[in-house]
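First the structure, in the form of structure tokens, and then the observations on it.
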Amino acid sequence: MDAMDRKILAALQRDGRLTITELAARVQLSVSPCHRRLRDLERQGAIRGYRAVVDPSALDLDFEALVFATLRWQAPDTVTAFEEAVTAIPHVLQAQRLFGEPDYLLRVATTDLAAFQHLYDEQLARLPGVQRLTSTLVMKHVVEDRPLPG
């Protein structure tokens with residue numbers, strides 16, 4: 001990946017709806033080479049997809065919590081079962097496996113505290129292999145969806 005590829009990625013992270021003509025102008029490249037580079041970046045997996053960034057309030061998902069999960073390691077397939085189950089819960093926006101304790105960090109969005117409590121009791125606490133869950137509420141987003149540095 002060279003400096004021009006990095007410029008293309010930076011421009012698209014700021015505005016994923018750029019036309020190829022607008023992108024080429026922003027990175028100071030003619031349209032054909034810019035289009036070729038864009039397709040190569042997509043094929044290589046550097047660009048994983050395009051999507052709209054939706055305001056959670058528009059979907060009444062104003063309540064956010066971070067849930068830390070510690071698993072009990074009773075069987076070799078504990079991790080797989082946990083990860084498959086957590087993937088199936090739509091209100092889990094992100095799930096990250098961590099080194100050390102806790103084992104996982106889950107970012108969860110719901111409509112309110114009551115909805116979070118229901119999700120916690122009925123789904124999160126029943127995930128396979130869970131030994132302990134702890135959570136904290138998100139007060140405010142200070143840095144959110146920042147483009148990756150080039």
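Side notes on the structure shown:
- Residue match in region 119-131 (condition: of a type in the set (Asp, Glu) and assigned to a loop (DSSP other than H, G, I, E, B)): no
- Restricted to region 99-114, and to residues there that are of a type in the set (Ser, Thr, Tyr) and within 23 Å of Asp55 (Cβ to Cβ), the residue that is least open to solvent (accessible area, probe 1.4 Å) is Thr110.
- Residue selected from region 133-149 under the condition open to solvent by less than 70 Å² (accessible area, probe 1.4 Å) and modelled with pLDDT of 95 or more, by the criterion farthest from Val86 (Cα to Cα): Val138
- Criterion applied to Thr78, Thr70, Thr134 was being over 30 Å from Asp15 (Cα atoms), among the polar types (S, T, N, Q) and touching a Gly at 6+ places or on another chain (Cβ under 7 Å), and the one residue passing it is Thr78.
- Selection from region 1-24 of residues that are open to solvent by less than 70 Å² (accessible area, probe 1.4 Å) and over 27 Å from the mean Cα position of the chain (by Cα): Ala24
- The residue that is farthest from the chain's Cα centre (by Cα), counting only those in region 45-70 that are of a type in the set (D, E, K, R) and more than 27 Å from Leu133 (Cβ to Cβ), is Asp55.
- Number of the condition not met by Leu66 [criteria: (1) within 30 Å of Thr111 (Cα to Cα); (2) loosely packed, with under 15 Cβ neighbours inside 10 Å; (3) out of contact with any Ser or Thr (no Cβ under 9 Å at 6 or more places or on another chain)]: (3)
- Comparison of Glu83, Glu42 shows that the only residue that is of a type in the set (Asp, Glu) and either touching a residue at least 60 places away in the same chain (Cβ under 8 Å) or under 20 Å from Pro128 (Cβ atoms) (or both) is Glu83.
- Only one entry of Gln117, Gln94 meets the criterion of being touching a Lys or Arg at 6+ places or on another chain (Cβ under 7 Å), surrounded by fewer than 16 Cβ atoms within 10 Å (Cβ to Cβ) and without any contact (Cβ under 8 Å) to a residue 60 or more places away in the chain, and that entry is Gln94.
- Pick from region 132-150, criterion of a type in the set (A, V, I, L, M), in contact (Cβ under 8 Å) with a residue 12 or more places away in the chain and in a loop (DSSP other than H, G, I, E, B), ranking: nearest to Leu106 (Cα to Cα): Val138
- Scanning region 26-61 for residues that are modelled with pLDDT of 95 or more, open to solvent by 90 Å² or more (accessible area, probe 1.4 Å) and under 22 Å from His141 (Cβ atoms) returns a single hit, Leu59.
- The residue list Ala88, Ala81 contains one member that is hydrophobic (A, V, I, L, M, F, W, C), modelled with pLDDT of 95 or more and open to solvent by less than 70 Å² (accessible area, probe 1.4 Å), which is Ala81.
- Restricting region 103-118 to residues that are in a strand (DSSP E or B) and β-branched (Val, Ile, Thr), the residue that is farthest from Ala69 (Cα to Cα): Thr110
The values are calculated or read from the model by the stated rules, or taken from the named source; none is laboratory data. If you're wondering where the values come from, they're calculated on a predicted model, not measured in any experiment. Cβ atoms come from the backbone with ideal geometry, glycine included; neighbour counts cover every protein chain shown. We work out accessible area using only protein heavy atoms, side chains counted, and drop any ligands, DNA or RNA first. Shrake-Rupley method; radii C 1.70, N 1.55, O 1.52, S 1.80 Å.
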